[in-house]
Structure formats: structure tokens, C-alpha cells
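Here is the structure we will look at.
The values are calculated or read from the model by the stated rules, or taken from the named source; none is laboratory data. These figures come from a predicted structure and were not determined experimentally. Quick reminder, even Gly has a Cβ in these numbers, built from the backbone with ideal geometry, and neighbours come from all protein chains shown. What goes into the accessible areas is simple: the full protein's heavy atoms, side chains included, and nothing from ligands, DNA or RNA. Shrake-Rupley method; radii C 1.70, N 1.55, O 1.52, S 1.80 Å.
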Amino acid sequence: DGLIVGIDSAGDARFINRENTDIRFYTNNQVRATISESGNIGIGTTSPVYKLAVNASGGAFQHFTNSTTGGTSGDGLVIGIDNSGHTNFINRENTNIYFYTNNKIRTIIRNNGDVGIGVSSPSQKLDVNGKVRGHAFVQSSDVRLKSNITPIDNALAKVSQLRGVTYE
């Protein structure tokens, strides 16, 4: 019974709680982290219900860096929930974001903001390889997307020849 802190015969440090209770880590007389008796780890919570649970007043964020990105607060990837409850994925690098399923890239957000679904190198704001279903599309006419613009001769006469109908 009790708590054992030491080094085993292989030279590994050991922190062993032989009781069926949580282990809590304190700084400034406040619980900062908890390892529950079931093995869940909580940061900012004394009752973690998942393998890793993070709770903070205001926003709660995780920061990931490596030797390529650098280790400052302006590097790497930040994932979290802001003060308003919005989910944030923040890529602080000038690189793409990839979403995988079944070990394949399914969606990519390029560092320039172009999004590809089923496309490995999107060249438009939204580039999709496959069928797209949508409801309530907004269409606009943009002179920047047209070429060979010429006026219609006798436009009013041509419009008058149209046969207007209604239907159900």
C-alpha cells in the first residue's frame, strides 16, 4: 500500500500509487493535473472521463510542434476551443492541412486557402473530384468570367418574341 517513488533495476524512474485512488499534481496549491484510478489523464479537471481530458477557464488549446516547425507559440499546429465555444484548427505554418480516412487523403486545405475534395492539388477555392449535391445555389453573372462580349441587335424586339408561360 501507499506511494512509491524510485528507480527500478532497469534504471527507469517509477511513480507508483498502490492505492485505488487518483494521483493529483499541484502547483501554487491548486490541482493542475490528475491521473484517475482508471488511467485517464485530466489537465484542468479532477474528473477526466476520457484518456486525455483538458479543461480551462476561457479557451482550451493543445499546441503541437516538431523539429521542422520550431517550438515557439507562433509555430506548429494549435487545436482547441476558444472562449466562445468555437472549435479552432490553427496551422501556424505555411503548409497544407490534410484530412485522411482509410489511410487516404480525402480533403486538403492548401496554404493559399484552396480546398480540394478528392483532389490532391486543388487549383480553385473549391475543387471537387466527383459528384456534388447542393441545395439553394446562389448564381451570379460576373463580367470578369466572360469573353467576346457584344451587344444584341434589336434586343427589345427579340425579348417581345418570347412566349411567357406559367406552370405548376
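Odds and ends about this structure:
- From the list Arg106, Arg144, the lone residue that is open to solvent by 80 Å² or more (accessible area, probe 1.4 Å), within 15 Å of the chain's Cα centre (by Cα) and more than 29 Å from Arg32 (Cβ to Cβ) is Arg106.
Yes or no, residue by residue, for (1) assigned to a strand (DSSP E or B); (2) of a type in the set (A, V, I, L, M, F, W, C):
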residue	(1), (2)
Glu19	no, no
Ser38	no, no
Ala53	yes, yes
Gln62	yes, no
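- Number of positions in region 45-82 that are of a type outside the set (Ser, Thr, Tyr) and surrounded by 15 or more Cβ atoms within 10 Å (Cβ to Cβ): 11
- Cβ pairs under 8 Å, 6+ apart, first in region 142-168 and over 30 Å from Gln124 (Cβ atoms), second among the aliphatic types (A, V, I, L, M) and exposed (fewer than 10 other Cβ atoms within 10 Å of the Cβ): Lys158/Ile152
- Selected residue (criterion: farthest from the chain's Cα centre (by Cα)) from residues of region 130-141 that are at pLDDT below 90 and either small (Gly, Ala, Ser) or outside any loop (DSSP other than H, G, I, E, B) (or both): Ser141
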